[in-house]
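Contents: one structure, followed by commentary.
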Amino acid sequence: MAELLRGIGVSPGSAAGPAYRMSPPPPPPPEPAAVVDPDAEVDRAVAALSTVAADLTRRAEGAAARAAADVLRAQAMMAQDPELSAAVVAQVRAGASAPVAVDRALAVHREAFLAAGGYLAERVTDLDDIRDRVVAACLGLPPPGIPDPGHPFVLIARDLAPADTAGLDPEQVLALVTEDGGPTSHTAILARAAGLPAVVRCPGAMAVADGVEVTVDGSTGQVAVGVDHDTVIATRVSEQRRRRRLATTRGPGRTADGHPVALYGNIGSAEDVDGELEGVGLFRTELLYLHRTDPPGRDEQVAAYAEVFAALPGRRVIVRTLDAGADKPLPFLAAGEEPNPALGVRGLRLARRRADVLHLQLEAIAQAARDTAAEVWVMAPMVATVAEAAWFAAACRDAGLPTAGAMVEVPAAALRARSLLSVVDFLSIGTNDLSQYTFAADRQCGDLADLLDPAQPALLELISGCAAAGMAAGKPVGVCGEAAADPRIAPVLVGLGVTSLSMAPRAVPEVREALAAHTLADCRQLAAEALSAAGTAPLTVP
């Protein structure tokens with residue numbers, strides 16, 4: 001009889017096949033009795049850092065998905081960080097061998113990232129991967145990596161580093177299962193981008209022996225271990241039928257009785273644009289700014305925005321202004337350290353220090369909008385007060401952008417939704433941040449995964465309040481967090497009164513199908529049941 005494991009489903013779909021585990025990282029480097037030639041050890045460590053950085057850059061250039069390439073480039077920059085190199089050299093001069101020096105230096109960086117919380121804490125897996133790769137290079141060992149059994153398989157790992165996930169061959173890897181990680185980890189994000197079924201935070205996964213047949217359900221989070229051949233065949237046939245069915249879905253989102261629900265895409269650049277999209281509900285502009293010592297100039301910004309707008313003529317594109325700072329530092333801002341970056345100066349709060357950065361971006365967006373035919377809306381991240389929202393809306397209109405909105409990511413904004421809508425034209429709810437701030441639960445803390453379930457009644461109540469405010473004001477309220485991409489939750493959000501859902505483009509067909517299976521009355525009933533739920537059991541949508 002098959003053993004059933006349960007984790008968090010983060011990328012829908014099912015798969016079946018033999019399971020194989022990731023190759024382990026190199027063993028801890030041995031402590032040397034004494035370093036005979038410190039200069040040689042320094043050369044060995046620096047060469048290993050350079051080798052790993054070059055390999056990550058090469059992988060980035062060969063990555064098919066923009067999201068994967070961006071993640072790999074960020075990792076390469078970590079490996080090239082002069083502060084890291086200096087810390088390694090200092091450890092060697094203090095008597096450590098090259099691999100020990102790398103291990104110790106990155107351990108210090110790791111603790112600093114964890115202490116910072118937020119985005120930097122989410123990058124700890126990236127640091128661990130760099131450490132393993134550099135230590136392996138120092139020792140002359142192959143880096144940890146993906147197994148190659150010579151046939152398609154289900155990949156199981158403690159966690160997956162971006163370099164591993166980005167290099168997956170979807171013809172060989174049928175699905176992903178990890179013991180660690182969370183719904184917003186790189187594993188989850190890149191698995192969705194690749195269209196691979198994935199389950200994270202699945203206890204017991206690493207105990208599955210290589211070659212054992214398993215089934216993976218990326219929607220429910222269930223992993224069945226030791227299934228028979230008939231189950232494998234049935235699962236594969238069912239998944240093929242599902243994919244064929246979803247491939248035929250077209251048209252705008254609507255419920256079974258015709259109630260319209262706009263289904264938009266979350267993108268980072270023109271490369272992410274799918275011609276089938278109704279529009280874009282979240283254009284992340286910070287990718288243009290990251291890892292730069294100087295901000296992008298006006299002409300560069302206009303060109304990047306216009307490329308996206310031109311790909312969507314006549315369709316709505318909602319641009320999020322720069323969401324960086326604090327736990328997503330930008331070198332050119334020179335913001336300095338903060339005691340608690342997760343609650344620090346990020347998003348719209350950057351304009352308190354550098355209003356010029358925001359005004360230049362708004363001017364560039366407005367110019368690109370004038371040069372193209374898209375319907376361009378603009379929204380600010382991390383809005384907390386009505387005064388902030390009013391100031392942003394005025395700045396947008398001064399720049400020639402008539403439609404300005406606010407993101408709802410902190411409870412203060414949700415609680416004041418009616419007042420916010422008196423000064424802005426729309427609201428967009430970022431459920432990822434709203435969840436972590438509402439429950440004081442870091443998004444990367446797997447032990448608190450139940451608090452980050454979008455079915456939590458407290459979160460749904462905040463969303464409900466925003467939607468009600470929108471209906472009263474006659475203004476749209478959308479959701480652009482991961483909850484929007486969940487077929488279980490999408491009908492509930494519509495039942496609460498949400499007018500649009502924005503998600504990774506690959507998630508649109510499944511959400512479209514989920515909505516088409518329910519009338520608006522069904523959605524409202526599901527929403528009422530979800531709001532009255534006492535616990536956090538996953539919703540069952542018939």
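The values are calculated or read from the model by the stated rules, or taken from the named source; none is laboratory data. These figures come from a predicted structure and were not determined experimentally. We place every Cβ from the backbone using ideal geometry, glycine too, and count neighbours over all the protein chains shown. Quick note on the areas: whole protein, heavy atoms, side chains included, nothing else; ligands and nucleic acids left out. Shrake-Rupley method; radii C 1.70, N 1.55, O 1.52, S 1.80 Å.
Before moving on, here are some points about what is shown:
- Around Ser97: net Lys/Arg minus Asp/Glu count, Cβ-Cβ under 11 Å: -2
- Between segment 215-230 and segment 250-302, the C-alpha centres lie 34 angstrom from each other.
- Cα centroid of segment 16-36 to Cα centroid of segment 372-408, whole Å: 50 Å
- Cβ-based charge dipole, the chain, positive-most Cα from Ser85, Gly405, Thr248: Gly405
- Segment 236-383 - Rg over Rh from alpha carbon coordinates, Kirkwood radius: 1.07
- When a 1.4 Å probe is rolled over the protein heavy atoms, the share of accessible surface on the chain that falls to carbon and sulfur comes to 54 percent.
- Neighbourhood net charge (15 Å Cβ-Cβ; Lys/Arg +1, Asp/Glu -1) for Val212: -3
- Per-residue surface analysis assigns Leu5 an accessible area of about 20 Å², computed on protein heavy atoms at 1.4 Å probe radius.
- In this Cβ point-charge picture (+1 for Lys and Arg, -1 for Asp and Glu), segment 39-107 has a dipole of about 180 debye about its Cα centre.
- By accessible area with a 1.4 Å probe, ligands and nucleic acids excluded, highest first: order of Val36, Val100: Val36, Val100
- Simple spin-label estimate for Glu338 and Arg418 gives 3.1 nm between the two label positions (7 Å along the Cα-to-Cβ direction from each Cα).
- Take the Cα of Thr231, step 7 Å toward its Cβ, do the same at Met1, and the gap between the two points is 1.1 nm.
- Ordering Ala207, Leu350, Ala311 by Cα displacement along the dipole of the chain toward the positive end leaves Ala311 in first place; charges were set at the Cβ atoms of Lys, Arg (+1) and Asp, Glu (-1).
- Highest average packing first - 87-99, 376-388, Cβ atoms within 10 Å: 376-388, 87-99
- Computed FRET value (nearest 0.05) for Glu111 with Asp257, which takes r as the C-beta separation and R₀ as 51 Å: 0.40
- Protection proxy ranking of 503-514, 44-55, by the mean of other Cβ atoms within 10 Å over each peptide's residues and highest first, is 503-514, 44-55.
- Taking Cβ atoms as reference points and 14 Å as the exclusive limit, the residues near Ala373 contribute a net charge of 0, counting Lys and Arg as +1 and Asp and Glu as -1.
- The alpha carbons of the chain stretch over 75, 62, 42 Å along the principal axes, in descending order.
- When only the Cβ of Lys, Arg, Asp and Glu is charged (+1, +1, -1, -1), the dipole of segment 392-542 relative to its Cα centre reaches about 500 debye.
- Over the chain: helical MRE at 222 nm, DSSP H runs n ≥ 4 each giving -39500 (n - 2.57), nearest 500: -13500 deg cm²/dmol
- Ser532-Asp210 pseudo-label distance in nm [points 7 Å out on the Cα-to-Cβ vector]: 5.4 nm
- Net dipole in debye of the chain [+1 Lys, Arg Cβ; -1 Asp, Glu Cβ; about Cα centre; nearest 20]: 1440 debye
- Accessible surface, per residue, of the chain when the full set of protein chains is kept, probe 1.4 Å, Å²: 41 Å²
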